Amino acid sequence: MNPETPIQSKRIKELEAQGYYVIRLIRTNKEGISDLIAIPPGVPVLFSEIKVPGEDLSPLQEYRMKEVKAFGFKAEVYDGSL
């Protein structure tokens, strides 16, 4: 186990208790980016799920889309045809 894992878990719980939507980043397109993103409710954030045309969301992806919308964020499914 990564020695940072318990510390990250503690911080995630603290931030979520304060009302943030918290995302732990594992792999990104930005080298050196922070481990966590904590977004307060209702700020203009867009979550974009990329799909090939005709591909459906998985049940988990549908759940996450509803979850982020409940926080007041925008969510889209983008297949390149917009």
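Coordinate-derived values only; no laboratory data. Worth saying up front: this structure is predicted, and the values here are computed from it rather than measured. Virtual Cβ from ideal backbone geometry, glycine too; neighbours counted across all protein chains shown.
Looking across region 63-78, the residues that are within 14 Å of Gly19 (Cα to Cα) and in contact with a strand residue (DSSP E or B) (Cβ under 7 Å, 6 or more places away or on another chain) come down to Val68, Phe71, Phe73. Filtering region 1-27 to residues that are in a loop (DSSP other than H, G, I, E, B) and within 16 Å of the chain's Cα centre (by Cα) leaves Gly19, Tyr20, Leu25, Ile26, Arg27.
Among the residues of region 53-73, the one identified as surrounded by fewer than 10 Cβ atoms within 10 Å (Cβ to Cβ) and either in contact (Cβ under 8 Å) with a residue 60 or more places away in the chain or small (Gly, Ala, Ser) (or both) is Gly54.
Just a yes or no: is a residue in region 33-52 loosely packed, with under 12 Cβ neighbours inside 10 Å, closer than 25 Å to Glu4 by Cβ, free of Cβ contacts under 8 Å to residues at least 40 places away in the same chain and of a type outside the set (S, T, N, Q)? Scanning region 33-52, I find at least one residue that is loosely packed, with under 12 Cβ neighbours inside 10 Å, closer than 25 Å to Glu4 by Cβ, free of Cβ contacts under 8 Å to residues at least 40 places away in the same chain and of a type outside the set (S, T, N, Q), so the answer is yes. In this entry, Tyr21 passes the filter for residues that are in contact (Cβ under 8 Å) with a residue 40 or more places away in the chain and in contact with a strand residue (DSSP E or B) (Cβ under 6 Å, 6 or more places away or on another chain).
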